Amino acid sequence: MTLPSQNRPCFLLAILVGATALVALRLFDPATAGVFPPCPLRELTGWYCPGCGSLRALHQLLHANFRAAFAFNPLAVISLPFLAYGGASYTSFQIRGRYLPKCFVPAFWIWTLFAAILIFGIARNLPMRPFNLLAPGAVLHL
Amino acid sequence: MFCPQCGANNADNASQCTQCGRMLQASAQPGIQPAVNVPNYLVFAILATVLCCLPAGIPAIIYAAQVNGRLQSGDVAGAQLASKNAKMWCWISVGVGLLFGVVWALLVAVRIMSHHTT
């Protein structure tokens, strides 16, 4: 998360929201507890979006169940290290005034990521194998 | 000129960035790094798309790709325009997410209330 100015209230709010979310995700399973809001797209259309299952995946990660986390949303699990680095960089900027070393991502790779997200989002909605195994948690019911 | 560290717009003769304090004159000389760094909000966009289930993150990713593509072809002004759009879509996705969260919380509250009264 790179906001191009030092902004203490925003930073503290982000920390607070993040910490609360992590504690809640560790305590409650989004698969069963009705504590977490459902995905807007899923709620309105019934389709899975590329992010569906990411909260359940985070819950499983916080309990060190990597296989289950991957089954709920592999994209979220893969992107977590990058998001964590982005968060660490933002934190470093707020505290020390400078971001962590950043490498320039060629546009080609961002377009590839964009295509991957779209294809993943479409594939997990297709009603036949192997695509429907990408639906949140589907692999766990094999 | 734009600060290579935080992207803030500074006066062309400024020696130090007004926002993050980075020395500007030394880095303004042609060197190893690309001369300017325009924020593309890619991390924010991925966060919105993958972790928050918000379709508004999709345009943010498209604009993030445009920022870097235009930087690669030397179109700094175009990159800054795309950067602005990327930022806007990030905030739209945050707004939509918050709005949906509030509406959902209200619905749950109403459901609980009606359970208690009936």
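Return the residue satisfying two criteria in turn: it lies in the stretch A:39-57 and is in a helix (DSSP H, G or I) and under 12 Å from residue A:125 (Cα atoms), and of such residues it is most open to solvent (accessible area, probe 1.4 Å).
It comes out as A:42.
Identify all residues within the stretch A:67-110 that are in a helix (DSSP H, G or I), touching a Phe, Trp or Tyr at 6+ places or on another chain (Cβ under 9 Å) and open to solvent by less than 50 Å² (accessible area, probe 1.4 Å); write none if there are none.
A:74, A:75, A:77, A:86, A:89, A:90, A:91, A:92, A:93, A:94
Regarding the stretch A:56-74, can at least one residue be identified that is of a type in the set (Gly, Ala, Ser), without any contact (Cβ under 8 Å) to a residue 60 or more places away in the chain, out of contact with any Gly (no Cβ under 7 Å at 6 or more places or on another chain) and facing another protein chain (nearest Cβ under 8 Å)?
Within the stretch A:56-74, none of the residues are of a type in the set (Gly, Ala, Ser), without any contact (Cβ under 8 Å) to a residue 60 or more places away in the chain, out of contact with any Gly (no Cβ under 7 Å at 6 or more places or on another chain) and facing another protein chain (nearest Cβ under 8 Å).
List every residue pair whose Cβ atoms sit under 8 Å apart, with the two residues 6 or more apart in sequence or on different chains, where the first one lies in the stretch A:91-114 and is over 13 Å from residue B:64 (Cβ atoms) and facing another protein chain (nearest Cβ under 8 Å) and the second, anywhere, is buried (at least 16 other Cβ atoms within 10 Å of the Cβ) and of a type in the set (A, V, I, L, M, F, W, C).
Within 8 Å, the pairs are A:93/B:6; A:93/B:20; A:97/B:20; A:98/B:20; A:99/A:93; A:99/B:6.
The values are calculated or read from the model by the stated rules, or taken from the named source; none is laboratory data. What you are looking at is a predicted structure, and each value in this text was computed from that prediction instead of being measured. Don't worry about glycine lacking a Cβ; one is built from the backbone with ideal geometry, like all the others, and counts go over all protein chains shown. Ligands, DNA and RNA are stripped out before the accessible areas are found, and what is left, the full protein with its side chains, is counted by its heavy atoms. Shrake-Rupley method; radii C 1.70, N 1.55, O 1.52, S 1.80 Å.
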